[in-house]
Structure formats: C-alpha cells, structure tokens
Amino acid sequence: MAQNRLALVSTTLLLLMPLVFCKLSDYTGMTADDKQLFDMINQYRTNVANVSALGFNKAAGCVAHQVAFKFKDTACTNSTGADTVYGREQLPDYLDILDECDVSLDNVKDSEIQPNCVPPGSGPSVAAQNITLDFMYQEYLNDSKFKTGGVGSVGSWYVLALATDQADGNFGSTPDSVEGNGQNTLLVSVSSFWGLLLMWIFAAL
C-alpha cells in the first residue's frame, strides 16, 4: 500500500514540475546587485531627471536577465568607465528571449533595453554611473513615458529594461502585476507550493 502511494506521489511530482519551472516562472526576481542598480536608476530619475521612480516589472526584469545571459560570453573591453553595447540590433536571439519570458513582440515595440558592461571587479555602482552619464541612455531615463522596468546582470554585464504603461511597451504587464519595491513574490509562491506538497506527501505515506 505504501509503495503504491509512493509511486502516486512520484508521478504527481513529475507531472507538476514542468508547470512550476518553465519560462517566466524560472525568473525569481532581481538579485541584490540588480536591485542596487535599479534603486540607483530611480534615485537619478527622481533627483536629477525629475520624473517618477520606476516600478518593478517582472517581465521586463526577466527579459533584462535573459539579455545579460546572452552577453555573458561577450568580452567586455571596458577598463576605465562607460563602455556599452548599445541597440537592440545586437540581439539576434531577441524573439527567443521574449519567448522565454512569455512576452509578445507587440508588447515591446515602444520599450527600451540598455545593455552595459563594467570593468572586471566592478559592481552596480559603476554600471549606474555608466548608464546615467551616457547621453544616449539619458534620453530614455529622463522620459516620463517609462513607468516600470527591471534589471538583469550576469558577470560584467548589466541590462536595464524600460517599459511604458501602454500595450505596445509594457512587456505584457498589467497595473496590478507591477510592484513598487523592485521585488516579486514568485519565489515565495513556489516555496509555499512545495511546502504544501511536501505536507501532502508525508500525510500520504
């Protein structure tokens, strides 16, 4: 009897895992470095550009993370300060990136993605300086149409994704899916799910 129950539990786990760990649900939010850069960008927007701070957009953060991952094997020749790879044309796998984050191309046509690399051993403060002092980036950072965003980083690469509140630039987000503190609750939800599932397993054995 116990063996039958164990087989049932194992089968259930195998069936449920793809539902929990796939595409956008793989993204668990900004890291501490990402959050630090995001906060610095918001400080610039509110104190210098005199526009509202960005809310956290989970889908934009996912795309930023995927872009940073694509750049991770690209050598960063920056040894002093601002050195960037600018423009979406640098992303041949852009549609694949959007697919990984469950984002439609129609929802990013008026968005902005800003990759930036920093010297080895540097951190988010250098990336923030690069982005906020570059006049090409400032054009977008100072634009009040961008309401939300996200940051992703891998190695020397930091990527900022800016989103509007309109359908053609919001990364498919809705107002109630945007958070103001730069954190998301996906990890908590997944942890709660597995906690309840484990309780059910022990009860079944």
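The values are calculated or read from the model by the stated rules, or taken from the named source; none is laboratory data. Quantities reported herein were computed from a predicted structural model and do not represent experimental measurements. Every residue, glycine among them, receives a Cβ derived from its backbone with ideal geometry; neighbour counts consider all protein chains shown.
Within region 38-52, restricting attention to residues that are among the hydrophobic types (A, V, I, L, M, F, W, C) and in contact with a Gly (Cβ under 9 Å, 6 or more places away or on another chain), which residue is nearest to Ala64 (Cα to Cα)? The qualifying residue nearest to Ala64 (Cα to Cα) is Phe38. Screening Gly172 with (1) under 14 Å from Ala64 (Cα atoms); (2) modelled with pLDDT of 85 or more; (3) touching a helix residue (DSSP H, G or I) at 6+ places or on another chain (Cβ under 6 Å) gives one miss only, at (1).
Scanning region 40-67 for residues that are surrounded by fewer than 24 Cβ atoms within 10 Å (Cβ to Cβ) and small (Gly, Ala, Ser) turns up Ala49, Ser52, Ala53, Gly55.
Filter region 111-126 for residues that are of a type in the set (A, V, I, L, M, F, W, C) and closer than 15 Å to Leu162 by Cβ and give the result. Matches in region 111-126: Ile113 only.
So in region 1-27, with the set limited to residues that are loosely packed, with under 15 Cβ neighbours inside 10 Å and assigned to a loop (DSSP other than H, G, I, E, B), which one is modelled with the highest pLDDT? Among them, the one singled out is Met1. Scanning region 143-164 for residues that are assigned to a loop (DSSP other than H, G, I, E, B) and either modelled with pLDDT of 95 or more or polar (S, T, N, Q) (or both) yields Asp143, Ser144, Lys145, Phe146, Lys147, Ser156, Thr164. Of all residues in region 104-136 being in a helix (DSSP H, G or I) and without any contact (Cβ under 8 Å) to a residue 24 or more places away in the chain, which is surrounded by the most Cβ atoms within 10 Å (Cβ to Cβ)? Residue satisfying both the conditions and the ranking: Leu105. Within region 33-74, the residues that satisfy the criterion of being over 10 Å from the mean Cα position of the chain (by Cα) and among the acidic types (Asp, Glu) are Asp33, Asp39, Asp73. Just checking, does region 59-74 include any residue being at pLDDT below 85, farther than 23 Å from Thr164 by Cβ and not in a helix (DSSP H, G or I)? Yes, region 59-74 contains at least one residue that is at pLDDT below 85, farther than 23 Å from Thr164 by Cβ and not in a helix (DSSP H, G or I).
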